[in-house]
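The values are calculated or read from the model by the stated rules, or taken from the named source; none is laboratory data. None of the values given here were measured: they were computed from a predicted structure. Here the Cβ positions follow ideal geometry from the backbone for every residue, glycine too, while neighbour counts run over all protein chains shown. Protein only, heavy atoms only, side chains kept; ligands, DNA and RNA dropped before computing areas. Shrake-Rupley method; radii C 1.70, N 1.55, O 1.52, S 1.80 Å.
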Amino acid sequence: MFSARISLFDLEQLCRRVSTALTSGIELRKAFQREAEGRSPRAVRRHMDQVYQAVARGESVTAAVAATGSYFPRLFHEMVSLGDATGHLAETLRALAEHYELQLKLRRQFVQSITWPLVQLFAALGVVGLLIWLLGVFQDGVPKKDRLDPLGLGLMGTHGVLVYVSVLAVIAVVLVVVYQATRRGVFWARPLQRGLFLVPVIGNTFETLALARFAWSLELTYGSGMDVLKAIPMSLRSTQNAHYTDHIDSVTLRVRKGQEITEALAATGAFRTDFLDAVEVGEKSGRLSETLANLSEQYNDRAQRALAALATVAGFAVWAVVAALITIVIFRLASFYFGMLDKVM
């Protein structure tokens, strides 16, 4: 789950450089050699040197990339295999570069939208930590049973701060593990992937992103002449979500038995009606590739709007947490203060 993997930015740049080199007429081995000796990060150069050495020995590009293991994402492996088999590796890599560029754009937009609320959250947590430390400093030497604890957490001084930070660190680690597991499709996180589709706003965003990737992948594979029995599983895997990948076997079996693609997809109950209607029109008119290209563009636009909405909701959620945290601290301090006044009176 935490194995080294190329960053999205480096992958987009790699695909674009190799595509440009191949389109310019540079020989395949020379293009890979340039990447192995270029200015990319060391890990990228090391893996590209591995690819170059394999290709120089006469191995196929597909086998050479497969030997790098999980460093490159599965979609990259499959699309390189497609380009290698069809003789259109340059075009395939260019399409991959555009795909990854869009993913980077969507990620940047989301991060920019959520940055300020997160800064406020960290600031609020820092204030609580500072207050815990000050409670210990100002009551140094006071017997533990007589110490004042307006926060009611039982945490004071340096030891209290260490405990507080440790709890926050554990929560952060759990969130990172769940995020990594969900992103990479670890088996125990698959129910979580499916469950997210039921959450308002979040479910719509994940569904839109997945359908955009499915339409793009199927248009690229099906349009290149790949056997539909290979194109559909590859396209479903490109969604990177168990809500769709769980149906790979059933959809493939139905298509193998002679059902139309639309019928096989509709039988899963996982696809939107408007998406299926568009696919059906394209399939019956013999213009499925063009229809999928239009669907991919439409759903990419929808994904941008859905991510903007998700960022807004996430921002309000973070602000709500900050407001609740500040309110609790204020009321605890006020209650403590008035309690002290009552004792004095």
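Counting the residues of region 1-41 that are without any contact (Cβ under 8 Å) to a residue 24 or more places away in the chain, outside any loop (DSSP other than H, G, I, E, B) and charged (D, E, K, R) gives 5. Contact annotation: no residue pair with Cβ atoms under 8 Å, 6 or more positions apart or on different chains, pairs a residue in region 87-101 that is open to solvent by 90 Å² or more (accessible area, probe 1.4 Å) with a partner that is part of a loop (DSSP other than H, G, I, E, B) and charged (D, E, K, R). Residues that are surrounded by 12 or more Cβ atoms within 10 Å (Cβ to Cβ), at pLDDT below 85 and either not in a helix (DSSP H, G or I) or not aromatic (F, W, Y) (or both) occur at least once in region 156-167. Give the residues of region 1-40 that are surrounded by fewer than 13 Cβ atoms within 10 Å (Cβ to Cβ) and among the acidic types (D, E), sorted by residue number. Residues satisfying the conditions are E27, E37.
Would you mind stating whether R272 is open to solvent by 20 Å² or more (accessible area, probe 1.4 Å), within 16 Å of A215 (Cβ to Cβ) and either touching an Asp or Glu at 6+ places or on another chain (Cβ under 8 Å) or aromatic (F, W, Y) (or both)? First the steps, then the outcome.
Working: open to solvent by 20 Å² or more (accessible area, probe 1.4 Å): yes; within 16 Å of A215 (Cβ to Cβ): yes; either touching an Asp or Glu at 6+ places or on another chain (Cβ under 8 Å) or aromatic (F, W, Y) (or both): yes.
It is true that R272 is open to solvent by 20 Å² or more (accessible area, probe 1.4 Å), within 16 Å of A215 (Cβ to Cβ) and either touching an Asp or Glu at 6+ places or on another chain (Cβ under 8 Å) or aromatic (F, W, Y) (or both).
Which one of L218, L310, L295 is under 21 Å from V199 (Cα atoms), among the aliphatic types (A, V, I, L, M) and in contact (Cβ under 8 Å) with a residue 24 or more places away in the chain?
On the way: L218 fails: under 21 Å from V199 (Cα atoms); L295 fails: under 21 Å from V199 (Cα atoms).
Within the list L218, L310, L295, the selection yields L310.
Considering region 314-345, the residues that are open to solvent by less than 70 Å² (accessible area, probe 1.4 Å) and of a type in the set (V, I, T) include one that is nearest to T208 (Cα to Cα), namely V318.
Can you tell me which residue in region 242-267 is modelled with the lowest pLDDT, limited to those that are among the polar types (S, T, N, Q) and either within 15 Å of A210 (Cα to Cα) or crowded, with 20+ Cβ neighbours inside 10 Å (or both)? Restricting to residues being among the polar types (S, T, N, Q) and either within 15 Å of A210 (Cα to Cα) or crowded, with 20+ Cβ neighbours inside 10 Å (or both), the top hit is T245.
For region 227-345, give me every one of the helices (runs of 4 or more DSSP H) that falls completely inside it and has 3 or more residues that are on the phi < 0 side of the Ramachandran plot and aromatic (F, W, Y).
Values: elements: 228-238, 242-245, 248-256, 261-266, 273-285, 288-344.
Passing ranges, in order: 288-344.
Please go through region 47-81 and give me each residue that is in a helix (DSSP H, G or I), in contact (Cβ under 8 Å) with a residue 40 or more places away in the chain and open to solvent by less than 20 Å² (accessible area, probe 1.4 Å), ordered by number. Before you say what the answer is, go through the steps one by one.
Kept after step one, since they are in a helix (DSSP H, G or I), are these residues of region 47-81: 47-56, 61-66, 74-81.
Filter once more, keeping what is in contact (Cβ under 8 Å) with a residue 40 or more places away in the chain: 47, 74-76, 78-79.
Correct list: L75, F76, M79.
Looking at A210, is it touching a residue at least 24 places away in the same chain (Cβ under 8 Å), touching a Lys or Arg at 6+ places or on another chain (Cβ under 7 Å) and of a type in the set (G, A, S)? The answer is no for A210. Among the residues of region 205-226, those that are closer than 23 Å to A85 by Cβ, open to solvent by 10 Å² or more (accessible area, probe 1.4 Å) and assigned to a helix (DSSP H, G or I) comprise R213, W216, E219, L220, Y222, G223. For D84, the conditions (1) open to solvent by 60 Å² or more (accessible area, probe 1.4 Å); (2) at pLDDT below 90; (3) out of contact with any Lys or Arg (no Cβ under 9 Å at 6 or more places or on another chain); (4) of a type in the set (D, E, K, R) all hold with the exception of (1). If you check V281 against the conditions, is it of a type outside the set (D, E) and more than 26 Å from L134 (Cβ to Cβ)? The answer is yes for V281.
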